[in-house]
Amino acid sequence: MTGFLIFGHLMYSWLFRRTPHKEAILVESRIKPQRLIDSLATLGRIGETPQGMMRLAFSPADLAGRKYVTDLMKSGGMTIRIDSAGNLIGLKTGDNPALPSIAIGSHTDTVPNGGKYDGSLGVLAAIECINTMKDLSITTRHNLEIIDFTNEEGTGYGRWLYGSRAMTGLLEDGDLSAIDENGIPIGSRLQDVGGDVRRIHESERQPNDFAAYLELHIEQGPVLHSSGIPIGKVTGITGRIALEITIRGFANHAGTTPMSGRRDALLSAAKIIQAVNTIATDEEICRVGTVGIARISPGADNVIPGRATLSVEFRDENIKPMLDAEIRITQLCQQEARMSKVEITISRIGITKPSPMDSNIQKIIDEAAHNQQLETRSLPSGAGHDAQSMSTLTPSGMIFVPSIDGISHSPNEYSSPESCAIGANVLLSTLLTIDRQF
Ligand SMILES: [Zn+2]
């Protein structure tokens, strides 16, 4: 058996050395799982605390993480640059530098008490792809740009997807002048990672700079883990509409005011909270609806609440269901205001449009997985990603791998070494196919 295997291997190498059949070599290309797992473990020790990962954007741990990524990129033969938004970019020149780049990226900042895989897997797997290509002497036609985006999580300033929004021209005025709770302007923190807020527009790229963008990420939800499917091809990143609903009733003595005459703002708020849930469940108007914050005033145990403020958000893969949910909650609030004699105001805090992923790239991901005998499942991303910014500029695709028990943004976030390696192999194969076809 062994002899046959050695013979087979020799025949195989001979065949491909004599007739370099590119298709076959590309299908056979596999990353080195241990090298990827080692780099995940090393990055996972930078900013690690007993309460989870604390590699918050712009923190000393974030800088140390980026330094580690820089060193990995350098040893992979990439040329490093940091753009004016602080994005860390490793360039691997292609055979035809006149072609637009294929970008592969994610982020290495974490939420407070976060996990070791969110973002990190995407960046480190992209570097592993470059290392594998180096091992196998595979070159690409296109330039490859590996991007570790600045401040994806938006910790501190509430300004998330910072680097990718800068790169795609999606920054808003407040993004440049934001000040954190310690009074430090974002411009000064940006300088710490090599950016420059005064020249931030220089980080903007144009559609013809890129042929495609790819991102490997943990699912951060339960679908793949519970179904036992190793690869998710993301159909789109859900949009989000955020509302603030304020209910004004009348604060009064909790002992002397009869039940019939009360204008209890919290009681109306409770009905609205239930309605938000019903809109996304029984009524199936949009995918998810959540009330994350409820503030009650005056907030004393012997006073009927006179005022309640709720944060409400609806998310969906398409914009119409989000807008329909907003219309529905507005109708229900008007009804409640009439019935309970309270005043209700609704203000829209913001809207992020859904970002569809490129259908052609979804097909390529599917083929890449099937060539490796891996089952795939189409699913939307409920969380936001740098890919949503990049998709406004260039055809974009996302590959998901299972998150154990669907847990993320937690120290318990975990994806198995096998899942990470499988995801990286599908990323590599997708990348090489795009390089040939685009
Ligand atoms: Zn992420």
Every residue from segment 57-83 that is open to solvent by 10 Å² or more (accessible area, probe 1.4 Å), out of contact with any strand residue (DSSP E or B) (no Cβ under 9 Å at 6 or more places or on another chain) and assigned to a loop (DSSP other than H, G, I, E, B): SER59
Given (1) farther than 23 Å from GLY90 by Cα; (2) in a helix (DSSP H, G or I); (3) of a type in the set (D, E, K, R), number of the condition ARG199 does not satisfy: (1)
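Suppose we keep only residues that are in a loop (DSSP other than H, G, I, E, B) and more than 22 Å from PHE314 (Cβ to Cβ) within segment 372-401. Which one would you say is farthest from the ligand (Cβ to nearest atom)? Talk me through it step by step, then tell me what you get.
Taking segment 372-401 first, the residues in a loop (DSSP other than H, G, I, E, B) are 372-375, 382-385, 391-395.
Next, only the ones that are more than 22 Å from PHE314 (Cβ to Cβ) stay: 372-375, 393-395.
Details: GLN372: 24, GLN373: 28, LEU374: 22, GLU375: 24, LEU393: 19, THR394: 19, PRO395: 20 Å.
Only one residue tops the list, namely GLN373.
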Matching entry among ILE127, ILE147, ILE138 (being among the β-branched types (Val, Ile, Thr), within 16 Å of the ligand (Cβ to nearest atom) and touching a residue at least 60 places away in the same chain (Cβ under 8 Å)): ILE147
Restricting segment 42-56 to residues that are open to solvent by 40 Å² or more (accessible area, probe 1.4 Å) and part of a helix (DSSP H, G or I), the residue that is farthest from ILE186 (Cα to Cα): THR42
Given (1) touching a residue at least 60 places away in the same chain (Cβ under 8 Å); (2) more than 16 Å from the ligand (Cβ to nearest atom), number of the condition TYR157 does not satisfy: (1)
Only listed residue being within 19 Å of SER106 (Cα to Cα), among the hydrophobic types (A, V, I, L, M, F, W, C), in contact (Cβ under 8 Å) with a residue 12 or more places away in the chain and open to solvent by 20 Å² or more (accessible area, probe 1.4 Å), chosen from LEU170, LEU176: LEU170
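The values are calculated or read from the model by the stated rules, or taken from the named source; none is laboratory data. Model, not experiment: these values are computed from the prediction. Reconstructed Cβ throughout: ideal geometry from the backbone, glycine too, with neighbour counts over all protein chains shown. What goes into the accessible areas is simple: the full protein's heavy atoms, side chains included, and nothing from ligands, DNA or RNA. Shrake-Rupley method; radii C 1.70, N 1.55, O 1.52, S 1.80 Å.
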